[in-house]
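Just below is one structure, and these are the notes that go with it.
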Amino acid sequence: MALVELSAAQRHRQVSERFGAVADSVSDWDAPSPVDGWAARDVVGHLVEWFPGFLAGGGVVLAPGPAVADDPVAAWVAHAAAVQDLLDGDRADEQFTHPMAGTHRLADAIDRFYTADVFMHTWDLAEAAGVDAALDPAFAQQLLDGMAGIEDMLRASGQYGPRVEVPDDADVVVRLAGFIGRDPGWREK
């Protein structure tokens, strides 16, 4: 089943497993990534470190796991499992109110703000590792379509770099990477 057809819990499971598979293929955690100034380890660190603070802003505590500096794969596995436990548990349908993100069902907040981020950063980690990200094109298109209408707001947030122009015939994953400020030709520069 395509990611766009799944529940928030199912989608997170598949997206986080794909990220984990890419993490398992990293042989050099200091290898540069397409995110300016980040190495492969920093991609994992970003995901493991920002989301607990986001949840805490709405009163949800995520158990800490191993340090990314010590073992990026173990840190990812523990973190992804803790998030999955929230999605699979009784709290998934609770209202979650964050001062910057508004009020959403907890599962929807995780899906919208976090799972999508994991999906996009899978491309970054795969690029750093020199492997195929193997991302779902339908979900990439859904994200691209959803962000296109709020591009100015996204850019103003500082969370996305300037759009990188890609060829008109580029596949949707490459177009999404360009939209969020990644240069698909970054290795060639």
> Which cross-chain or sequence-distant (5 or more) residues have an amide H under 5 Å from the amide H of VAL131, H modelled 1.01 Å from N in plane?
Replying inline: none
> Given the Cα-Cα distance of ARG155 and SER27 and 0.36 nm per residue of separation, how much length would full extension add, in nm?
Replying inline: 42.8 nm
> If we restrict to alpha carbons, what Rg and Dmax does segment 136-183 come to, in Å?
Replying inline: 10.2, 29
>> Only four residue types carry charge here, +1 at the Cβ of Lys and Arg and -1 at the Cβ of Asp and Glu. Report the dipole size of segment 3-133 about the Cα centre in Debye, rounded to the nearest 20.
In response: 320
>> Sort 114-124, 16-26 by the packing proxy (mean of other Cβ within 10 Å over each peptide's residues), most packed first.
In response: 114-124, 16-26
> GLU94 to GLU49: FRET efficiency via 1/(1 + (r/R0)^6), r the Cβ-Cβ distance, R0 30 Å, to the nearest 0.05?
Replying inline: 0.80
> Rounded to a whole number of µm²/s, how large is the Stokes-Einstein D of segment 71-118 at 10 °C and 1.306 mPa s, given Rh as the Kirkwood radius over C-alpha pairs?
Replying inline: 139
> Quick one: if the Förster radius is 22 Å, what FRET efficiency do ASP108 and GLU17 give, using the C-beta to C-beta distance and rounding to 0.05?
Replying inline: 0.60
> Which loop GluC sites (Glu not before Pro) in segment 125-189, with loop taken from DSSP, have no more than 13 other Cβ atoms within 10 angstrom of their Cβ?
Replying inline: GLU165
>> Show me, for segment 55-65, the HN-Hα J-couplings you get by feeding each phi into the Karplus relation (A = 6.51, B = -1.76, C = 1.60, θ = phi - 60°), rounded to Hz, glycine and proline as x.
In response: 4, 4, x, x, x, 10, 9, 9, 4, x, x
> How big, on average over all directions, is the shadow cast by the Cα convex hull of segment 1-91, in nm²?
Replying inline: 6.8
> Around PHE96, which amide H atoms from residues at least 5 apart in sequence, or from another chain, sit under 5 Å from its own amide H, with H modelled in the peptide plane?
Replying inline: HIS104, ARG105, LEU106
> Per the Kirkwood definition applied to all pairs of different Cα atoms, how many angstroms is the hydrodynamic radius of segment 82-189?
Replying inline: 15.3
>> If each residue of separation counts as 0.36 nm, what is the full-extension length gain between ASP168 and ALA138 once their alpha-carbon separation is subtracted?
In response: 9.1 nm
> Based on the inverse mean of 1/r over its pairs of different Cα atoms, what is the Kirkwood hydrodynamic radius of the chain, in Å?
Replying inline: 17.0
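Here, each number is a calculation from the coordinates, and none is a lab measurement. All of these numbers come straight from a predicted model, not from anything done at the bench. Note that each Cβ is placed from the backbone with ideal geometry, even for glycine, and that neighbours are counted across all protein chains shown.
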